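Below is one structure, written out as structure tokens; comments come after it.
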Amino acid sequence: MPFKKFVEIGRVAYIADGPCQGKIAAIVNVIDQNKVLIDGPTSGVSRQAYPLKQMHLTNLSVKFPFNASTKVVRKELEANKVDEKWADSAWCQRIKAKAVRKSMTDFDRFKLRKAKSQRNRIVTIALNGKKKALRKAGKI
Amino acid sequence: MAKNKNKGKPRNYALESGVYRFGKSATYHKKAIYKFTKKKVAKKAVAKKTVFVEKKIGGAKNGGTRMVRVQKLANDVPTKDAAAPGTSVNFFSKHKRTVRASLSAGTVAIVLAGVHKGKRVVVLKQLETGLLLVTGPFKLNGTPLRRVNQRFLLATSTKVDVSGVSVPESINDKYFARIKAEKSAKKDGEIFDAKKEGYKPSEQRKKDQAAIDTQVLAAIKKHSEGQVLRQYLKAPFALSKGQFPHTMSF
């Protein structure tokens, strides 16, 4: 299985650990085997060195020369609508859903359970109705 | 007698180091103290000290009295340390009562132990001994007006506005104190206690319960999600597979 996402200048990465946890940033330069220089002016990440181990690469990338200034990085990120693409991605939605699920209170869990069972009841009744009709018509 | 060559000179003298030349026995003989110790003192009549004293003891088959020493023997050491006398500083009645901030009045809490474990109840107030007064309400989940230790309550973040609910002053710790059953004289031949009657709430309790519960139910009705809240209080709490309390928020 070949690698699809590479550590390169302009790669947008999701920061999974550390002080900037939860934000996205672009890779501006590579420092050494373990550290890269990142910058995320549109997402609130200041230009800094960051360990690669605490970042997860996304499939988004933009083009700018290495060591480009924050101004240039910002221009490229905005032109490519990186923030919108990230917000629309399934990955970002999943993170948000997990956070909501974790923050549910006991009352919320109760309401969710009731809502699910109501919905399932509607589905079952509809399904059984259709099955009955098909059985009557001799189709199953 | 031989001429005393040492007349006028001391019979004992200190050496350069400060120690005296002759010790006690030598000076006794030098000074002939035996010639001057003939005083005879009349023997004082010593009051006889009582060694044992007779003390009365209880128990039918214990002989009635026992001889007890006036002064305990030196080797009479107890095998267990006597309990320290109670301090007269911090009695239980003077203790500071604290309550977890999450268990304020009107909070819905889950009872974790006892007959009503798993039930979601409404916290009303804290009583003088520190226990929390809770109610089901009784109509919803069968939990009456009850005292619960806050250690056995899991506070949820759901709150009901019970500022309008007035709990009468008569409902305090004394109100909930257990009534001791009178011990009837045992008839001969009956070794076991008479049958204990099951708990029956008094009319007073039922009245107070109804009075407070109508107020609490009204407060629940006023809540923005009142209808669902009623169902919520009716349903018992349980953990299902994959649910761990330390990862859940309440």
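The values are calculated or read from the model by the stated rules, or taken from the named source; none is laboratory data. A quick note: this is a predicted structure, and the numbers were derived from the prediction, not measured. Reconstructed Cβ throughout: ideal geometry from the backbone, glycine too, with neighbour counts over all protein chains shown. Protein only, heavy atoms only, side chains kept; ligands, DNA and RNA dropped before computing areas. Shrake-Rupley method; radii C 1.70, N 1.55, O 1.52, S 1.80 Å.
Please report, as a whole percent, how much of the solvent-accessible surface of the protein assembly as shown comes from carbon and sulfur atoms (probe radius 1.4 Å).
That share works out to 57 percent.
The residues of the stretch A:82-122 occluded by other protein chains by 30 Å² or more of accessible area, set against the chain on its own, are A:Lys102, A:Thr105, A:Asp106, A:Phe107, A:Arg109, A:Phe110, A:Lys111; surface from heavy atoms, 1.4 Å probe. Accessible surface computed residue by residue for chain A, with neighbouring protein chains in place and a 1.4 Å probe, gives 69 Å² per residue. For B:Lys94, list the aspartates and glutamates whose Cα falls under 18 Å from its own Cα; do not include residues on the same chain fewer than 8 positions away. Cα-Cα hits under 18 Å: B:Glu128, B:Asp173. Take every pair of alpha-carbon atoms less than 8 Å apart whose residues are at least six positions apart; their mean separation over the length of the stretch A:19-140 yields a relative contact order of 14 percent. Going by amide H atoms built from the backbone, whose H comes under 5 Å of the H on A:Cys20, apart from near neighbours? Long-range HN contacts for A:Cys20: none found.
Which FRET efficiency, nearest 0.05, do B:Val70 and B:Lys38 yield, Cβ-Cβ r, R0 56 Å? Show your work: numbers first, answer last.
Details: r = 39 Å, r/R0 = 0.69.
With a Förster radius of 56 Å, E is 0.90.
A Stokes-Einstein calculation at 20 °C with viscosity 1.002 mPa s, built on the Kirkwood radius of chain B over Cα pairs, returns a diffusion coefficient of 78 µm²/s. Here the Kirkwood formula, the inverse mean of 1/r across different C-alpha pairs, assigns chain A a hydrodynamic radius of 18.4 Å. Mean projected area of the convex hull spanned by the Cα atoms of the stretch B:110-250, taken over all viewing directions: 11.9 nm². Note on the protein assembly as shown: Cα Rg divided by 2.2 N^0.38 Å, N the number of residues, gives 2.13.
Using the structure shown, list the pairs from A:Lys116/B:Lys117; B:Lys117/B:Lys207; B:Lys80/B:Lys180; A:Lys5/A:Lys114 with a Cα-Cα distance above 31 Å, or answer none. The answer is B:Lys80/B:Lys180; A:Lys5/A:Lys114. Charges on Cβ only, +1 for Lys and Arg, -1 for Asp and Glu, centred on the Cα centroid of the protein assembly as shown; of A:Thr42, B:Ala211, B:Phe92, which one is farthest towards the dipole's positive end? Final value for the positive-end residue is B:Phe92. Take the accessible area of A alone and of B alone, subtract that of the pair with a 1.4 Å probe, and the total buried over both chains is about 1100 Å².
Per-residue ellipticity at 222 nm, computed for the protein assembly as shown from helices alone with -39500 (n - 2.57) per DSSP H run of at least four residues, works out to -8500 deg cm²/dmol.
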